[in-house]
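These notes concern the structure reproduced below.
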Amino acid sequence: MGMRRIATFIFLFVLAATGFTTVLYEAAISKTRPDRSKWGWFYLSLPTRAKVTAPGGSGFVTLDTTSSIKIQAGWGKQLTAKLDRRVGYTATWRMKLVREEHSKDGQRAGLSVFVLSDDHYGIEVGYWNDRIFVYNDNKTFTPAEFVPFDPRSKLRTYRLSVHGDRYTLNVDGLDRLSGKLRNYSFFGFPYTRPNSIWYGDDTTRGESVSQWAEFQVSSASLR
């Protein structure tokens, strides 16, 4: 086992022992959308409405932006607690990509999730039908690290671990991506919101259908 893997294991063990978890959304419990009830996410859909199907008994909320490629829709949340990357934190979400389309663009994804620390450094994960990747923090948001992968087969658990200037993305118990954090704040809203999270389609150059089941964050600094 390499020294970096040992250090990561020790960090996660200490985090589990001393930190605690905040559940930000759990569809199976609430059976409603994340912008309803106690969850307190804000919902955005421009310029027209995306199709949103509440969980009911399914255990996930469905977001469909395929009626127009121009739709940007999804849920965002700015935490009152601090996501301090110097201490370290983990964001975990469970979801399934049903389908995604970006035929007019080889750079952007019709579904993405981002998590930003208190100083704006974080990572945005993009989903295509055959891969997951993260974005560079250049002005054209070009794809950076990626791994061939099919996110459509089932609901999967994605665990993003952040510590210092590094991230690791684990999927269903296996590390899939790792690298340096990025700072996307030059782009403006919503990347200028510290301690923030986004789930959805944030570009007019892609579209998708996805099922989102839950989201939570864990950190020793969430106080």
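Take the residues of the range 41-60 that are surrounded by 14 or more Cβ atoms within 10 Å (Cβ to Cβ) and among the small types (G, A, S): which is farthest from the chain's Cα centre (by Cα)?
If we take residues in the range 41-60 being surrounded by 14 or more Cβ atoms within 10 Å (Cβ to Cβ) and among the small types (G, A, S), then S58 is farthest from the chain's Cα centre (by Cα).
Residues in the range 69-109 that are of a type in the set (S, T, Y), in a loop (DSSP other than H, G, I, E, B) and either at pLDDT 95 or above or over 21 Å from N129 (Cβ atoms) (or both): how many?
The number of residues fulfilling the criteria is 1.
Which residues, counting only those in the range 175-202, are assigned to a loop (DSSP other than H, G, I, E, B), over 15 Å from the mean Cα position of the chain (by Cα) and either free of Cβ contacts under 8 Å to residues at least 24 places away in the same chain or crowded, with 18+ Cβ neighbours inside 10 Å (or both)?
G188, F189
Mind checking which residues of the range 145-172 are among the small types (G, A, S) and under 16 Å from the mean Cα position of the chain (by Cα)?
S161, the sole residue that qualifies.
When residues of the range 203-217 are filtered for being at pLDDT 95 or above, surrounded by fewer than 22 Cβ atoms within 10 Å (Cβ to Cβ) and of a type in the set (S, T, N, Q), how many remain?
2
Here is a list: T142, T168, T157. Which entry is closer than 26 Å to R33 by Cα and of a type outside the set (K, R)?
Result of the check over T142, T168, T157: T157.
What pairs come up if the first residue lies in the range 85-100 and is on the phi > 0 side of the Ramachandran plot, the second is among the hydrophobic types (A, V, I, L, M, F, W, C), and their beta carbons are under 8 Å apart, counting only those six or more places apart or on different chains?
G88/F11; G88/L15; G88/V162; G88/A220
Among the strands (runs of 3 or more DSSP E) contained in the range 14-55, which hold 1 or more residues that are at pLDDT below 95?
Fully inside the range 14-55 and qualifying: 20-26.
Among the candidates R166, R156, R205, single out the residue that is of a type in the set (K, R), out of contact with any Ser or Thr (no Cβ under 6 Å at 6 or more places or on another chain) and farther than 27 Å from V98 by Cα. Break it down stepwise before answering.
On the way: R156 fails: farther than 27 Å from V98 by Cα; R205 fails: farther than 27 Å from V98 by Cα.
Residue meeting the stated conditions: R166.
Just one of (1) under 15 Å from the mean Cα position of the chain (by Cα); (2) closer than 15 Å to D137 by Cβ trips up F215, so point out which.
(2)
Tell me the residue from R108, R94 that is buried (at least 20 other Cβ atoms within 10 Å of the Cβ) and out of contact with any strand residue (DSSP E or B) (no Cβ under 6 Å at 6 or more places or on another chain), please.
Values: R94 fails: out of contact with any strand residue (DSSP E or B) (no Cβ under 6 Å at 6 or more places or on another chain).
When all the criteria are applied, what remains is R108.
Filter the range 61-89 for residues that are surrounded by fewer than 21 Cβ atoms within 10 Å (Cβ to Cβ), of a type in the set (G, A, S) and touching a strand residue (DSSP E or B) at 6+ places or on another chain (Cβ under 6 Å) and give the result.
Within the range 61-89, G76 is the sole residue that qualifies.
Give all pairs with beta carbons closer than 9 Å in which a residue from the range 27-43 that is at positive phi meets a residue that is among the hydrophobic types (A, V, I, L, M, F, W, C) and at pLDDT 90 or above; count only pairs at least 6 apart in sequence or on separate chains.
Once the first residue is at positive phi and sits in the range 27-43, its partners that are among the hydrophobic types (A, V, I, L, M, F, W, C) and at pLDDT 90 or above give K31/A54; G40/L24.
Does the range 136-143 contain at least one residue that is within 24 Å of L174 (Cβ to Cβ) and hydroxyl-bearing (S, T, Y)?
Within the range 136-143 (the criterion being within 24 Å of L174 (Cβ to Cβ) and hydroxyl-bearing (S, T, Y)), the answer is no, since none of the residues qualifies.
So, in the range 129-174, of the ones that are in a strand (DSSP E or B) and among the small types (G, A, S), which residue ends up surrounded by the most Cβ atoms within 10 Å (Cβ to Cβ)?
Of the residues in the range 129-174, the ones in a strand (DSSP E or B) are 131-135, 143-148, 156-163, 166-171, 174.
Now restrict to residues that are among the small types (G, A, S): 144, 161.
Details: A144: 18, S161: 21.
Applying the filter and picking the extreme gives S161.
The values are calculated or read from the model by the stated rules, or taken from the named source; none is laboratory data. Predicted model, so just to flag it, every value in this text is computed and none were measured. Cβ coordinates were reconstructed from backbone atoms using ideal geometry, including for glycine residues, and neighbour counts include every protein chain displayed.
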